[in-house]
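Since every read-out is calculated from the coordinates, none of them should be taken as a lab result. For clarity, every value in this text was computed on a predicted model and none was experimentally measured. Glycine also receives a Cβ, built like all others from the backbone with ideal geometry; neighbour counts cover every protein chain displayed.
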Amino acid sequence: MKFLLTMKNDFVFKKLLCESMEILIDLLNSVLELPEKRRIRSVKIKNPIVLPEEITQKYIVLDIRATDESGNIYNIEMQVRKYSDYLRRTLYYASRLYAGQLESGEEYSELKPVIGIHFLDYEEFPDYDDFHFCFELRDVRHHKLKLTDDMAIHIFELPKFERKAKTGHIRDAMTEWLRFFNHAHEEDQTMREQYRNPAIIKAFGVLEALSADEKSRYLAEIREKALRNERSELAAARREGIQEAIELGLSLKFGEEGSAMMPLIMHIQDCDRLRDIKDAIMTAKDISEIKVIIGN
C-alpha cells in the first residue's frame, strides 16, 4: 500500500481541500444538507496559500476561508489539539468574519451569513452522545424561532463518530467524509472501493499526489512536529497548574503533613489523575484518604 499523509494534519487538510473546488463544494454540501435547488455550485477560497511561517508557528490554526456564489462565508478547519478557550475562539472568529464584511456607511442588509465548520480529533462535549452539533441563534423557549439565519457553527467530533460507525447506527450524509478524515491514510484499494462519493474518490487521488510530493511530505512532517511540541507544552502547563492547586489545598487543609506529600505528586504526569487528587482534597476528612488515591 502506498504511503499516505493523514487528513488530521491541518496542513494536509487545507492543502487537499484547496487543490480542488469540486472536493470542497461537495464537503460543504454534505455538511449543510441543502436541497438540490439550493446546493452550492461554486466557491472562492480567500486564503489558499499556506505561508512558511504558519507551518512552524504554534497556536495557529490553518483554516480555510471561502465564499460561495451567494456570498455566504465559510470558515473550515481541522483541529487536533484541545484547549480550554477553543469554543470562545471559534465564536470570536466567526463574529469577526461577520462584522468585518461592512465598510463605513454600508447597509446592514449587505451582510452575508457566516458558517463555521470544525472537525475535532477529540471530544469537546463528552456528556453528549452525538458527534455532530450545530449552534445557531435561537430563542431558548421557542426553538423554532431564530434571531437570524446569519450565523451557524458546525462541530464534528471524529472520535465519537468512529464509535458510532462501529455500531452501524450511522444514517448521516457526512458518513463517508468523516470516515475519510479518520482513515484515508490507512485504507488500501479494497477499502477505498467501499466509497461511493466521486468527490472522495477524487480526494484520494489528490492525497496520493500530496503524499508522493517530497516538499508536501516535508511540510506535513514539520507541521506535525510543531503540533506535537504545542501539545507537550499545553500538557505541561496543565500539570503545573493542577499541581500548584494541589499543593495549596494540601497545605491549607493538612498543614506540613500535607505539604510533605508533594514530592510524590510531582512525579505524577497524568492530568486526569491529578484532577482526581485535587477534587479529593476538597472532600477528604483525613489525609489517609489522599494517601490511598496517590498510592502511598
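Overview of results
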read-out: Sparse-neighbour loop sites [trypsin sites (Lys or Arg not before Pro); the range 13-112; at most 13 other C-beta within 10 Å; DSSP]; value: R41, K46, K58, K82
read-out: Local net charge near R179, Cβ-Cβ under 10 Å (Lys/Arg +1, Asp/Glu -1); value: -3
read-out: Karplus-derived 3J(HN,Hα), 6.51/-1.76/1.60, for each residue of the range 123-139, Hz, glycine and proline x; value: 9, 7, 10, x, 7, 10, 7, 5, 10, 10, 10, 10, 9, 9, 8, 10, 6
read-out: Footprinting exposure proxy for V114, V43 (fewest neighbouring C-beta atoms within 10 Å first); value: V43, V114
read-out: Per-pair calculated FRET efficiency, R0 = 45 Å: S20 and H142 via Cβ, rounded to 0.05; value: 0.60
read-out: In the range 53-99, the chymotrypsin sites (Phe, Trp or Tyr not before Pro) that fall in loop regions by DSSP, at most 15 other Cβ within 10 Å; value: Y59, Y83
read-out: Reference-scaled alpha-carbon Rg (2.2 N^0.38 Å with N residues) for the chain; value: 1.21
read-out: Relative contact order (percent, whole number), the range 235-294, Cα cutoff 8 Å, 6+ residue spacing; value: 38 percent
read-out: Kirkwood Rh and Cα Rg combined as Rg/Rh, the range 235-294; value: 0.92
read-out: Rounded FRET efficiency, nearest 0.05, which uses the C-beta distance separating T67 from R39 and R0 of 25 Å; value: 0.95
read-out: Loop GluC sites (Glu not before Pro), the range 23-120, which have at most 13 other Cβ atoms in a 10 Å radius of their Cβ (DSSP); value: E33, E69, E103, E106, E107
read-out: Sorted by Cβ density within 10 Å, fewest first, the residues F119, F3, F125, F11; value: F3, F125, F11, F119
read-out: Globularity ratio of the range 169-296, using Cα Rg and 2.2 N^0.38 Å; value: 1.74
read-out: Per-residue HN-Hα couplings for the range 144-150 [Karplus 6.51, -1.76, 1.60; θ = phi - 60°; Hz; x = Gly/Pro]; value: 7, 8, 9, 5, 6, 8, 7
read-out: Phi-based couplings in Hz for the range 243-253 (Karplus 6.51, -1.76, 1.60; Gly and Pro marked x); value: 4, 5, 5, 5, 4, 5, x, 5, 5, 5, 8
